[in-house]
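For reference, the structure discussed in these notes is given below.
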Amino acid sequence: MHGPFPPSLAQAIADAEARAPGEAVSVYLVGADGAWAFRALTNHSRRPLAFELDPLEWVALERAAAPGVCLVHSHVDGPATLSAIDVAAFTVEGRPLLPGLSLVVLALRRGRVVDEARYVFQGRGWSRVGRIDTLSLQSHREVH
Ligand SMILES: [Zn+2]
């Protein structure tokens, strides 16, 4: 069995740093053996905080029909949060773009990854995971 994320993001982080100041896109796929495999993807976008996946690469991902797909992309000098454009890009009619899709956003400063955020699709939207304690602390402070 596999969770929604690969055990290590090291390859995606190295790829994002190598492609800075451009925005990087990559993917981890669960193979038939249950192991996650890394694949760098092409980013055709020239806008900051945005990306355009290569249509042929995307079709190949859909055809792979992997039981787990973790798409990683970077925000160069931007926050480690899904942008409104990201949410629109990864959501189709209230469902994730691919079954079993999870998302990671890497934030870079001066060409180095300094923060990450992980998201899974729950209910009707993308929920950030892995920072539950911090978030509940923040909301606690805001209330009191
Ligand atoms: Zn983004």
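What follows is calculated from the coordinates using simple rules that are stated; it is not laboratory data. Being a predicted model, the structure only gives us computed values, none of them experimental. Reconstructed Cβ throughout: ideal geometry from the backbone, glycine too, with neighbour counts over all protein chains shown.
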Ordering of 26-39, 95-108, 51-64 by packing [mean C-beta count within 10 Å, highest first]: 95-108, 26-39, 51-64
Top positive-direction residue, dipole computed over segment 10-143 with Cβ charges, set T91, P67, L53: T91
Principal semi-axes in Å for segment 14-73 [√(5λ), Cα gyration tensor, largest first]: 22, 13, 7
Estimated vicinal HN-Hα couplings, Hz - segment 55-62 in sequence order (Karplus 6.51, -1.76, 1.60; Gly, Pro = x): x, 5, 5, 5, 4, 4, 5, 4
Efficiency of FRET between A32 and D77 - r from beta-carbon atoms, R0 30 angstrom, step 0.05: 0.20
Other-chain or far-sequence residues with amide H under 5 Å of V129's (modelled H): R118, Y119, V120
Cα-derived Rg over Rh, computed across segment 65-128 with Rh taken as Kirkwood radius: 0.99
Gained length - V92 relative to A14, 0.36 nm times residue gap less alpha-carbon distance: 25.1 nm
5 angstrom amide H check on D115, placed H, neighbours 5+ away: A107
Local electrostatic count at H2 - Lys and Arg +1, Asp and Glu -1, tallied over other residues with Cβ under 15 Å: 0
Rotationally averaged projected area of the chain (alpha carbon convex hull; nm²): 9.4 nm²
Antiparallel %, DSSP beta bridges [both residues in segment 6-132], to 5: 75 percent
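Remind me, relative contact order of the chain in percent, using alpha carbon pairs under 8 angstrom and six or more residues apart?
Relative contact order of the chain: 21 percent.
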Where labels lie 7 Å past Cα in the beta-carbon direction, separation of A84 and L56 in nm: 3.5 nm
